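Everything on this sheet refers to the single structure shown next.
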Amino acid sequence: MNKTFIFDLDDTLIRNTHYYSHAKLNLARFVLNRIGLRAPDCQSLINLQTSIDKEAVKEKGFSSDRFPNSCKKTYKKICETLGIEDSEGVDIAYQIGCSVFNGDNWKKEGLLDGAEETLDFLVAQNDKLVLLTKGDVKIQRRKFEVLNLNKWFRDWHIVERNKDEVLKTYLDCQPQLWHVGNSIRSDIEPSLKLGIKTIYLPCETWAYEMDHNGVPEDSLLIQFDKILKIKEKYSILK
């Protein structure tokens, strides 16, 4: 083995954020149809849900209940503000949030363009591939199984909050260690803090992940516009 690549999963290897965007739009559509002219405007509604969801990270982290529950709380708060009682609607709002965990979508869409080719290439180089993903253990495990990620990853980890402790266990792989991810807050900053060489594949996701000071200036950081560049620029990854 020559190099060790630690890959993030969501929005690095597979689509994720747009499922949540669709759910937010469906929630807004539901509220507008359900409440009618008294409903808040779409932007205010989405801002409310985003605020509730971001705040919930403090208590629920990246658990599977957080996003659906924030959709439920959003609708409930709107109803309370308008003096409406609608327990059925609250339950529907929660189910709209649960739609982001539909495994059929993961299977249908598969990996992002260029991801499979890149992983196949790295395996052919006898490099070690590690999957390190943040999120709910049951949900992330289902993604792993549905997408047959064991084809490339024998070594994989699911963490509910931060990646630091797992990243530390691979420091003995230096100097041929690379961390690949799309989030400045969850991927890039933690690895640079530990002195790990990092490949940034930009994909801003949601309010929590966008709470950062921009792309760090660091000699350990390389930014690519697409994952296939890892294969195309492999010779410079030393």
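Observations on the model:
- Here, segment 131-238 has an Rg and a Dmax of 14.0, 37 Å when only alpha carbons are counted.
- Of the peptides 99-109, 136-146, the ranking by mean beta-carbon count within 10 Å, highest at the top, reads 136-146, 99-109.
- Cα-Cα pairs of the chain separated by more than 24 Å (percent): 49 percent
- Within the shell defined by Cβ-Cβ distances under 10 Å, the residues around L13 carry a net charge of -2, with Lys and Arg each +1 and Asp and Glu each -1.
- Net charge of Cβ neighbours under 15 Å - reference G36; Lys, Arg +1; Asp, Glu -1: +1
- Cross-link partners of K76 among aspartates and glutamates (Cα-Cα below 12 Å; sequence separation of 8 or more within a chain): E85, D86, E88, D91
- The distance linking segment 166-188 with segment 86-114 is 30 Å (Cα centroid to Cα centroid, whole angstrom).
- The fewest-to-most ranking of K238, K77 by surrounding Cβ atoms within 10 Å reads K238, K77.
- In segment 17-103, the C-alpha radius of gyration followed by the widest Cα-Cα span (Dmax) gives 12.0, 37 angstrom.
- Cross-link reach is defined here as a Cα-Cα straight distance under 21 Å, omitting same-chain residues fewer than 8 places apart; for K197 the lysines meeting it are K3, K128, K134, K163, K168, K226, K229, K231, K233, K238.
- 20 Å Cα-Cα reach of K107 towards aspartates and glutamates, excluding residues that sit fewer than 8 places from it in its own chain: D8, D10, D11, E116, E117, D120, D136, E145
- Helix-only CD estimate at 222 nm, as mean residue ellipticity for the chain, using -39500 (n - 2.57) per DSSP H run (n ≥ 4): -13500 deg cm²/dmol
- Charges were assigned to the Cβ only: +1 to each Lys and Arg, -1 to each Asp and Glu. The resulting dipole of segment 17-103 about its Cα centre is roughly 200 debye.
- Take every DSSP beta bridge whose two residues both sit in the chain; close to 5 percent of them are antiparallel.
- A dipole drawn for the chain from +1 and -1 charges on Cβ atoms has a positive end, and of T12, H22, W156 the residue lying farthest that way is W156.
Taken together, the values in this text are just the output of simple stated rules run on the coordinates, not laboratory data. Just so you know, these numbers come straight off a predicted model, no measurement behind them. Neighbour counts run over all protein chains shown; Cβ positions are idealised from the backbone, glycine included.
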